[in-house]
Amino acid sequence: MNIAILGTGAGARQHAARLGALGHRVVVGTRDPEATLARTEPDMMGTEPFAVFHRAHPELTLATFAQAAAAGELVINGIDGANAVAALTALPTDALAGKTLIDYAVPYVYQQPGDAEHSWPTPWGEMPRLNPVDTDSLAEQIQRALPETKVVKTFVTQEQETVVNPAEFGGGDHTMFLAGDHQDAKAAAGELLTAYGWSDIIDVGPLAAARGLEMYAHFHTALGLALNGRFGVKIVR
Ligand SMILES: NC(=O)c1ccc[n+]([C@@H]2O[C@H](COP(=O)([O-])OP(=O)(O)OC[C@H]3O[C@@H](n4cnc5c(N)ncnc54)[C@H](OP(=O)(O)O)[C@@H]3O)[C@@H](O)[C@H]2O)c1
């Protein structure tokens, strides 16, 4: 299948590499491919420059967000949460119309006026804020902005390495959640998750449930700091 990953961050690279290994034709989207390949410094998370990753994965195509979205039969959004709506709505409308868009971005606002300068991970209490939060979610904002696209929220409650290969950690015994307003799109996302190796997938309902999935990010970070190592989430019932 032709799959577009919109984003060049660490999470996007996990999906791109895994989907390439699974035999899909993957196009990775970025603002400016030349500029992205020219970067030589790690990003704020310490992720190595994209060119280093790309040299190890020459099977992946790097293109603009618009070219990648147009090429994808299925599209994954990994654009920084604070900029995702603006970036997605700037695309030609037919690039995403009628398609399933799997969104895993978290609407963190890393630096607001008055915030202390901080690196990642931040000490608890200085977490980036979420915006929107409580009464709305990034996934719902994207869905409202792109009414002809079928948005599914998933991935965000597990570590990015686990998302693309659950069997590789903890014997694969974790739970994944998905939310969305379109059953066919949720089925497509479920197929992708099954191909990654997920067997325990809970459909938590309409896209409004993405609010909880996104807000879980704070607790996920607290757990990460408390456990100081990898962990997965399993629902026992
Ligand atoms: N388990 C999970 O589901 C999981 C794991 C990791 C991250 N996340 C979340 O997923 C999102 C992506 O994370 P990530 O680590 O893969 O990448 P990231 O570093 O958060 O975001 C990088 C991407 O955002 C784009 N971007 C940044 N500023 C932009 C702007 N002003 N306009 C348009 N595009 C812009 C960058 O474009 P360029 O390519 O042009 O630089 C790049 O493609 C985040 O919200 C993160 O919190 C979720």
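The values are calculated or read from the model by the stated rules, or taken from the named source; none is laboratory data. Note that this is a predicted model, so its numbers are computed, not measured. Note: ideal-geometry Cβ built from the backbone for every residue, glycine included; neighbour counts use all protein chains shown. Each accessible area value is taken on the protein alone, full model and side chains, heavy atoms only, with ligands, DNA and RNA left out. Shrake-Rupley method; radii C 1.70, N 1.55, O 1.52, S 1.80 Å.
Okay, here's what the table says:
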{"item": "Residue that is farthest from the ligand (Cβ to nearest atom) [pool: residues in the range 1-10 that are under 15 Å from the mean Cα position of the chain (by Cα) and either of a type in the set (A, V, I, L, M) or more than 25 Å from ALA189 (Cα to Cα) (or both)]", "result": "ILE3"}
{"item": "Set PRO33, PRO42, PRO49: member being more than 27 Å from ASP184 (Cα to Cα), in contact with an Asp or Glu (Cβ under 7 Å, 6 or more places away or on another chain) and modelled with pLDDT of 95 or more", "result": "PRO49"}
{"item": "Residues within the range 126-156 that are of a type outside the set (A, V, I, L, M) and either touching a Leu at 6+ places or on another chain (Cβ under 6 Å) or not in a loop (DSSP other than H, G, I, E, B) (or both), tallied", "result": "9"}
{"item": "Residue match in the range 169-178 (condition: surrounded by 21 or more Cβ atoms within 10 Å (Cβ to Cβ), hydrophobic (A, V, I, L, M, F, W, C), closer than 27 Å to ASP136 by Cα and touching a residue at least 40 places away in the same chain (Cβ under 8 Å))", "result": "no"}
{"item": "Test: residue in the range 81-93 that is over 25 Å from GLN141 (Cβ atoms), without any contact (Cβ under 8 Å) to a residue 24 or more places away in the chain, of a type in the set (A, V, I, L, M, F, W, C) and surrounded by fewer than 16 Cβ atoms within 10 Å (Cβ to Cβ)", "result": "no"}
{"item": "Qualifying residue in the range 203-210 (condition: farther than 16 Å from PRO107 by Cβ and touching a residue at least 60 places away in the same chain (Cβ under 8 Å))", "result": "no"}
{"item": "Filtered residues of the range 20-45 (kept if touching a residue at least 60 places away in the same chain (Cβ under 8 Å) and either of a type outside the set (A, V, I, L, M, F, W, C) or surrounded by 14 or more Cβ atoms within 10 Å (Cβ to Cβ) (or both))", "result": "LEU22"}
{"item": "Which listed residue is on the phi > 0 side of the Ramachandran plot and within 15 Å of the ligand (Cβ to nearest atom), from PHE155, PHE169, PHE231", "result": "PHE155"}
{"item": "Sole exception among (1) open to solvent by less than 40 Å² (accessible area, probe 1.4 Å); (2) under 25 Å from LEU88 (Cα atoms) for ALA208, by number", "result": "(1)"}
